[in-house]
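Read through the structure below, which is laid out as structure tokens, and then see the notes.
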Amino acid sequence: MQYPFRSSTTFVALALMMLSAGSAAASQLDEAKARGTIICGTQNASSPYGYQDPDTRQYVGYDVDMCKAIAKEMGLKMEHKPVSTEARIPEVKMGRVDMMAGSVAWLPKRAEQVDFSKQYLQGYIKVLVKKDSGISKLSDLKDKKVCASSGSSSAAIAQKVLKDARVLTFQNISQCYVGLQSGKVSAMTAGELVLRRFLNDSVKEGKPTALLSEPTYTEHIGIIVKKGESELLAAINQAIVSLDESGELTKIYDKWMGDESIYKMTRDFKVESVAAAAKADMSK
């Protein structure tokens, strides 16, 4: 008579243990709160996003500051983990970081692997020309030679967007700049921050260049987390919204990319769904 009782008691105990273990493993946010820290990854060698300061040997950058600010909004301390660009998504999928502020642009294939927060940054792929070239818009590049780095996303986008131009690829973007200044090509295309560095150099060299205002592509960038971590994602989204409303997000942007930086850019993006913003661009 005792065996069924024991069997059912054992079954209930095992079920409760499994439920308890499942609940603990299900929420990265609960684990972060229990530790008092949230593990945030950034790129390890990508200025101005995440890189090691040569003087202090500390990791600094826009994404590092965003990690700190988001953690503070969540009432947690930030544990920073620098990773390579290639390791950004794998680190999230394997649970080695709670969130990745790695300047990851939303793409449909990436959205199948990880979940994206609201937009906290926006990037552009643009075109640089010589200031006296007479080229002021993308349509002016018809039949012109446009250089891009071999194998880059900029090259692939140029082939698709600048259909009337002659897109050439050189081994690296520095060779494109040499080609632009020597007249071998009429324009070069890359990420805006990269091009702004060349623009600054060209002014110093007395051979000024100009950046076309119209981008060939807009990157909508969000914090990424492991699939299914809805509580963590909601907390990150709320933190980003709060940072935006308080002005802290713009302050961080200005420090690394705005008037306080060498780039002198103006923040022109909204905190919104990265997927919706990207799909809106695609429909244009």
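The values are calculated or read from the model by the stated rules, or taken from the named source; none is laboratory data. Note that the structure is predicted; figures quoted are calculated from it, not measured. Glycine also receives a Cβ, built like all others from the backbone with ideal geometry; neighbour counts cover every protein chain displayed.
Odds and ends about this structure:
- Selected residue (only one of G134, G102 is small (G, A, S), loosely packed, with under 15 Cβ neighbours inside 10 Å and not in a helix (DSSP H, G or I)): G134
- For region 92-99, the criterion of being in a helix (DSSP H, G or I) and either closer than 30 Å to L180 by Cβ or in contact with a Lys or Arg (Cβ under 8 Å, 6 or more places away or on another chain) (or both) is satisfied by at least one residue.
- Flag if G179 is modelled with pLDDT of 95 or more, loosely packed, with under 15 Cβ neighbours inside 10 Å and either assigned to a helix (DSSP H, G or I) or not acidic (D, E) (or both): no
- Residues located in region 85-113, provided they are among the hydrophobic types (A, V, I, L, M, F, W, C) and over 24 Å from S47 (Cα atoms): M94, A111
- Hits in region 34-63 - residues which are assigned to a loop (DSSP other than H, G, I, E, B) and within 21 Å of G123 (Cα to Cα): N44, S47, P48, Y49, G61
- Residue match in region 176-186 (condition: in contact with a helix residue (DSSP H, G or I) (Cβ under 6 Å, 6 or more places away or on another chain), closer than 23 Å to G151 by Cα and of a type in the set (A, V, I, L, M, F, W, C)): yes
- Residue selected from region 170-219 under the condition among the β-branched types (V, I, T) and within 27 Å of the chain's Cα centre (by Cα), by the criterion nearest to A105 (Cα to Cα): T218
- Per-region count, region 137-169, residues in contact (Cβ under 8 Å) with a residue 40 or more places away in the chain and either closer than 25 Å to V203 by Cβ or part of a loop (DSSP other than H, G, I, E, B) (or both): 12
- Tally, over region 259-284, of residues that are closer than 17 Å to L107 by Cα and outside any helix (DSSP H, G or I): 4
- If you check V203, V185, V274, V225 for being more than 29 Å from K93 (Cα to Cα), of a type outside the set (S, T, Y) and buried (at least 17 other Cβ atoms within 10 Å of the Cβ), only one passes: V185.
- The set of residues from region 48-83 being touching a Ser or Thr at 6+ places or on another chain (Cβ under 8 Å) and of a type in the set (D, E) comprises D63, E73, E79.
- Qualifying residue in region 180-197 (condition: within 18 Å of Y263 (Cα to Cα), among the polar types (S, T, N, Q) and touching a His at 6+ places or on another chain (Cβ under 8 Å)): no
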